[in-house]
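The values are calculated or read from the model by the stated rules, or taken from the named source; none is laboratory data. Quick caveat, the model's predicted, so the values are computed rather than measured. All Cβ positions, glycine included, derive from the backbone under ideal geometry; neighbour counts span all protein chains shown. Note: areas computed on protein heavy atoms with side chains; ligands, DNA, RNA excluded. Shrake-Rupley method; radii C 1.70, N 1.55, O 1.52, S 1.80 Å.
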Amino acid sequence: MDVLAEALRVSGARGALGVVLKAGGTWGLSLDARPRAALHVVSRGTMWLHVPGEKPLEVRAGDAVLLAPGTAHGIAGASRTTLGPCDRKATVQALTDGSALHLGSAPAQTEVLVLRYEQDPEVSTPVLTSLVRPMHVTSRENAQLRKTVELLTAELAQPQIGTTAAVNSIIDLLLVQFVRVWLTRHPETRSGSWLGAMRDPVVRDALACVHARPEHPWTTASLAAATAVSRTTLSRHFRSALGQTPGAYVTQWRMDLASVRLRDTDEPVESISGAVGYASPHAFSRAFRRARGMPPGAYRSRLRR
């Protein structure tokens, strides 16, 4: 079981929006804090990232930078540039027909893919909380990054049927590349985040069991047996790596899976309850109400409204 692949399949990019920005001369663009994550990919030239309280960051051709949701920031052609507001009318036009968004008065020397996306809002498993600060990945660190950038550029330049789905999938690919670089940069990190937990073999093996068979009646004892450690050892590693018990993680993942199925399918609640490991719809409804604040049927109705 590839735990990261499974987690991203459930919680990956949704509702991605992106434009190609072409800029030259003196230019700077201020971007408000939004609930979506921001991903900037430089396909030509150089861009400077400005985040309040941090030193300006140079991002070169072939590089990408990822910012957590809610991060106010700006992008510019130099480290010291006045940042201006976004032209919303031109942005809407670019999103609609794939035309480029032009900044500055001189001929374009820099091209940047400016993207916003959200992880599935119904999923609470914190796959990317390790990337809470801006993360800059260079093409030198990941040889496949430039190819992914080229693919994304081509898709945004000619929007057509399926473009949104394609861009979501390409962003998921970029996220995998970001994760690989993060794990390379932090080889000893084993606590405080979901990604760091992948470095702990005890937790990683237990998560693989849970993700592979969420319908199994997992307990701390059965997970410990499956990973060949004691219950005490398993619980200690989970608390250190993820700050929660094995049972709490099992419930969290099951609720994430159930939430997505309630929204995206017409499966009966009885079927979903068995698929995520509950012996009866009543037990599932009770657990779901505790986790989401309402019974499964009401949750499905709310999302569809």
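Taking 0.36 nm per residue of sequence separation and removing the Cα-Cα distance, the ALA283/ALA100 pair yields an extension gain of 60.6 nm. Give the average over all directions of the projected area of the C-alpha convex hull of segment 246-305, one decimal, in nm². The directionally averaged projection comes out at 3.6 nm². Based on alpha carbons, the Rg and Dmax found for segment 1-134 are 15.5, 52 Å.
Put THR164, THR220 in order of accessible area, highest first, and with a 1.4 Å probe you get THR164, THR220. Cut-off 19 Å, label point 7 angstrom out along Cα-to-Cβ of ARG80: give me the residues of segment 47-72 whose amide nitrogen falls inside. The answer is 47-59.
Between ALA197, ALA76, ALA154, which gets the highest mean-square fluctuation from a Gaussian network model of the chain, Cα cutoff 10 Å? For the chain, modelled as a Gaussian network with Cα springs under 10 Å, the answer is ALA154. When only alpha carbons are used to place a centre, segment 253-305 and segment 48-68 end up 40 Å from one another.
Taking all protein chains into account, the per residue accessible area for segment 61-208 stands at 49 Å² (1.4 Å probe).
Across segment 254-270, coupling constants 3J(HN,Hα) worked out from phi with the 6.51/-1.76/1.60 Karplus curve, θ = phi - 60°, read 4, 5, 4, 4, 5, 4, 5, 5, 4, 6, 9, 10, 9, 4, x, 4, 4 Hz, and Gly and Pro carry x.
Quick check for you: which residues of segment 55-84 have the amide N under 13 Å from the point 7 Å beyond the Cα of THR46 toward its beta carbon? Within reach of a label on THR46: 57-61, 76-80.
Over the C-alpha atoms of the chain, the Rg to Rh ratio, Rh being the Kirkwood estimate, stands at 1.02. HIS136 accessible area, nearest 10 Å², 1.4 Å probe? HIS136 exposes around 40 Å² with every protein chain in place. Over all orientations, segment 4-79 has a Cα convex hull whose mean projected area works out to 5.9 square nanometres. Taken along its principal axes, the alpha carbon cloud of segment 167-243 reaches lengths of 41, 29, 18 Å, longest axis first. Per-atom-type breakdown for the chain gives carbon and sulfur 52% of the accessible area (1.4 Å probe, protein chains only).
Helical runs assigned H by DSSP (4 residues or longer) give the chain a calculated mean residue ellipticity at 222 nm of -13500 deg cm²/dmol, each run adding -39500 (n - 2.57) before division by the residue total. The residues packed around ALA108, meaning those with a beta-carbon under 12 Å from its beta-carbon, carry a net charge of +1 if Lys and Arg are +1 and Asp and Glu are -1.
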